[in-house]
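Here's the structure, in structure tokens; my notes come after.
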Amino acid sequence: MKLPKELSNGILIFFGIALYFLLMEFFGLSKIIYLRAFNAAFVYFGVSRTLQSNFKEGKTGYVSNLLSAATTAIIGVLLSVTGLVSYIYAQGGNAYVENLSDEFLFGGNPTANEYAFGLLFEGIASAVILVFVAMQFFRNKTAAQD
């Protein structure tokens with residue numbers, strides 16, 4: 001059974017982000033906020049793969065591609081936040097959250113769930129922006145081919 005491209009690319013986003021953050025954690029770079037923002041590249045990559053696949057299949061409708069790309073991005077974000085929550089609790093729960101970047105959305109001491117909730121909103125917002133950027137890129141690319 002073949003997975004839908006949105007799901008398989010969403011899983012690919014998750015694995016890319018997970019591996020990237022685990023490597024950052026291993027090398028002690030996880031507190032550098034600018035490096036943490038690089039995860040947008042993984043989301044863009046997955047969304048781009050979905051759009052490329054759609055165009056190869058002859059699906060050129062803007063709305064259908066927008067929904068397909070958004071589904072891919074949201075799946076990637078949801079899986080990534082779920083993975084982070086699992087990792088936080090495996091590392092000690094709320095005590096581990098204190099080790100995470102202070103430059104995040106919160107002041108004070110957020111709980112693991114509050115941290116994940118804030119990250120979910122941040123991830124969805126950035127995913128929506130990336131989807132529209134990718135849609136513009138592919139729309140311009142296909143317009144140039146016509």
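The values are calculated or read from the model by the stated rules, or taken from the named source; none is laboratory data. None of the values given here were measured: they were computed from a predicted structure. Cβ sites come from the backbone with ideal geometry, for glycine too, and all protein chains shown count toward neighbours. With ligands, DNA and RNA removed, areas are computed over all heavy atoms of the protein, side chains included. Shrake-Rupley method; radii C 1.70, N 1.55, O 1.52, S 1.80 Å.
Close Lys pairs in the chain (alpha-carbon distance under 27 Å; sequence gap of 8 or more, or different chains): 7.
Our coupling estimate for region 10-24, obtained by passing each phi through the Karplus curve with A = 6.51, B = -1.76, C = 1.60 and θ = phi - 60°, is x, 5, 4, 4, 4, 5, x, 5, 4, 4, 4, 5, 5, 5, 4 Hz, Gly and Pro reported as x. Computed over the chain with a Gaussian network model linking Cα atoms closer than 10 Å, the most mobile of 47, 63, 97 is 63.
Quick one: among 64, 48, 80, which has the greatest mean-square fluctuation in a GNM of the chain with alpha-carbon springs under 10 angstrom? In this elastic network of the chain, the residue with the biggest mean-square fluctuation among 64, 48, 80 is 64.
Across region 1-131, the relative contact order, built from alpha-carbon pairs under 8 Å that are at least six residues apart, equals 33 percent.
What does the charge count near residue 91 come to, summing +1 for each Lys or Arg and -1 for each Asp or Glu among other residues with Cβ under 15 Å from its Cβ? That sum, taken over residues with Cβ under 15 Å, equals -1. Across region 36-51, rounded Karplus estimates of 3J(HN,Hα) from the backbone phi angles (6.51 cos²θ - 1.76 cosθ + 1.60, θ = phi - 60°) give 5, 6, 5, 4, 4, 5, 5, 5, 4, 4, x, 5, 4, 4, 4, 5 Hz, Gly and Pro being marked x.
Taken one residue at a time, the phi angles of region 86-91 give Karplus couplings (6.51, -1.76, 1.60, θ = phi - 60°) of 4, 5, 4, 5, 5, 8 Hz. Gly and Pro are set to x. The heavy atoms of residue 96 offer some 20 square angstrom of accessible surface to a 1.4 angstrom probe. For the chain, the Cβ-based charge dipole about the Cα centre amounts to some 660 debye (Lys, Arg positive; Asp, Glu negative; other atoms uncharged). The largest accessible area among 88, 33 belongs to the first residue in 33, 88, and the rest follow in falling order (1.4 Å probe, all chains). For the set 86, 53, the ranking by accessible area, highest first and with no ligand, DNA or RNA atoms included, is 86, 53 under a 1.4 Å probe. On average, how much area does the Cα convex hull of region 1-107 cover when viewed from any direction, in nm²? Mean projected area for region 1-107: 8.2 nm², to one decimal. Taking every DSSP helix (H) stretch of at least 4 residues in the chain, weighting each as -39,500 (n - 2.57) and dividing the sum by the residue count yields a mean residue ellipticity at 222 nm of -26000 deg cm²/dmol.
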